Amino acid sequence: MKASEIRELLKLLDQPGIISFAGGIPDPRLFPAEAAAEACAAALATPASAGAALQYSVSEGYGPLVAWIAREMTRLGSPAAPENIVMTAGSQQALDFLGKLLISPGDTALVTAPAYLGALQAFSAYEPRYDTIRPEHGNRTPQSYADAAKAAAPSGQVKLAYVVPDFDNPTGETLSLEARHHLLRLARELDAPILEDSAYQALRFEGASLPTLQALDIAQQGSLDASRVIYLGTFSKTIAPGLRVGWICASRAIIRRLVLIKQASDLNLSVINQMVMHRLAATRYEALVETARDHYRIKRDAILGALEAHMPKSVRWTKPQGGLFVWATLPEGIDGALLLKRAVAEAKVAFVPGGAFFHDGGGDNTIRLSYSLPTATEIGEGIRRLASLL
């Protein structure tokens, strides 16, 4: 295990004059601070409520919040009962739990290249072998993945496939409907679960929404308990990350095992945090999501406009329909990590070198740009400085 490059880069935010495109941190101007204070006060308003809020609780989660999430998952096409949900400390804890549950040393985890750095860190603690999936350009057979897993370790198997299907971290790209069906077919033939990390799904700015992988699988298999897709949800990008409230939605067989892991890990998620989150979600979720979409759409437009206006023609970038990230590919021979050192020193601009997101050591000439935190004016100036340096 090694330090997260993103977490180390966050320290740069304290330097004067730095324009940071590094961490995908939600804009604190969106946080419902006053409503959260009211919700916290309500949770502590009576001795009975305060006793529950400040006490140990069941590992599955706070009942009213779990029920709200089950209804939300049903709305998304995954008819869920409370028994299909377990609460986690954000999606990151969910990734760790699923790595612990599914991976033994030498087993194969299928990931995209690039892939979310936090997932690679979570899984790597359990010593998997990584192999690359390309859902949009799938030309490998399921048997080739199985054979490679067996060749790498005599007892090795493909144990999971991990994707961020909507507005991917780090690329900002979204899997097409065809790619989603391709990934489901691959998982069925390999008899492996899919981990669907949907942290950014609600932040769509334009275009038609696509069904979740879990909803597509349920339509084919008949029920959530028959689905091999494990859905990871979070309130961190839509309401507030500091409360650390996420969830896993999956078959009851999977959830029962994850509850055992939760019990052995931290017993239960903070009850008062769950109570506050339930009140916020139940009373203003749609309004908060809509405000976040409008806010980040302006920033997305600002960064795409600045890239078009200032970047050399040799630089290519993605054009996301939602989420918080743009992925840029630099000319061959320009190393993103070396560029970062000069960008901080000479241009007062920070970003994440793309190599951090590749399990196979690739991506040297790529960078991730997050537009979530700087203002539209800062975005334009930061991209102008970076383009000038390039």
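Among the residues of segment 181-211, those that are of a type in the set (S, T, N, Q) and buried (at least 21 other Cβ atoms within 10 Å of the Cβ) comprise SER198, GLN201.
Out of all the residues in segment 338-355, which are part of a helix (DSSP H, G or I) and either over 24 Å from the mean Cα position of the chain (by Cα) or surrounded by 20 or more Cβ atoms within 10 Å (Cβ to Cβ) (or both)? Lay out the reasoning, then the answer.
The initial filter retains those residues of segment 338-355 that are part of a helix (DSSP H, G or I), namely 338-347, 354-355.
Answer for segment 338-355, where residues must be part of a helix (DSSP H, G or I) and either over 24 Å from the mean Cα position of the chain (by Cα) or surrounded by 20 or more Cβ atoms within 10 Å (Cβ to Cβ) (or both): LEU338, LEU339, LEU340, LYS341, ARG342, ALA343, VAL344, ALA345, GLU346, ALA347, GLY354.
Matching residues to (1) within 20 Å of the chain's Cα centre (by Cα); (2) more than 20 Å from GLY63 (Cα to Cα):
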site: LEU216; (1), (2): yes, yes
site: ALA226; (1), (2): no, yes
site: VAL245; (1), (2): yes, no
site: HIS278; (1), (2): no, no
site: ARG300; (1), (2): yes, yes
site: GLY305; (1), (2): no, yes
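If we only count helices (runs of 4 or more DSSP H) wholly inside segment 41-109, which ones have 2 or more residues that are closer than 22 Å to LEU213 by Cα and in contact (Cβ under 8 Å) with a residue 60 or more places away in the chain?
Values: elements: 47-53, 63-75, 90-102.
Those helices (runs of 4 or more DSSP H) span 63-75, 90-102.
Summed over segment 207-233, residues that are free of Cβ contacts under 8 Å to residues at least 24 places away in the same chain and either on the phi < 0 side of the Ramachandran plot or not assigned by TED's automatic domain parsing to the domain that holds LEU258 (or both) total 3.
Among the residues making up segment 59-70, those that are crowded, with 17+ Cβ neighbours inside 10 Å and over 19 Å from THR238 (Cβ atoms) are SER59, GLU60.
Can you tell me which residues in segment 360-383 are at negative phi and surrounded by 20 or more Cβ atoms within 10 Å (Cβ to Cβ)? Answer for segment 360-383, where residues must be at negative phi and surrounded by 20 or more Cβ atoms within 10 Å (Cβ to Cβ): THR366, ILE367, ARG368, LEU369, SER370, TYR371, SER372, LEU373, PRO374, ILE379, GLY382, ILE383.
Does LEU44 count as in the same structural domain as PHE235 (by TED's automatic domain parsing), surrounded by 17 or more Cβ atoms within 10 Å (Cβ to Cβ) and among the aliphatic types (A, V, I, L, M)? So LEU44 fails the test.
Of the residues that make up segment 314-328, is at least one part of a helix (DSSP H, G or I) and either modelled with pLDDT of 95 or more or out of contact with any Phe, Trp or Tyr (no Cβ under 7 Å at 6 or more places or on another chain) (or both)? Give the steps one after another, and end with the answer.
Taking segment 314-328 as the starting set, the residues that turn out to be part of a helix (DSSP H, G or I) are none.
No, the conditions are met nowhere in segment 314-328.
Answer with yes or no whether ARG134 is in contact with a strand residue (DSSP E or B) (Cβ under 6 Å, 6 or more places away or on another chain) and at negative phi. Walk me through it before giving the result.
Working: in contact with a strand residue (DSSP E or B) (Cβ under 6 Å, 6 or more places away or on another chain): no; at negative phi: yes.
No: the conditions fail for ARG134.
The values are calculated or read from the model by the stated rules, or taken from the named source; none is laboratory data. Nothing here was measured: the structure is a model prediction, and the numbers come from that model. Please note: Cβ atoms are built from the backbone with ideal geometry, for glycine as well, and neighbour counts cover all protein chains shown.
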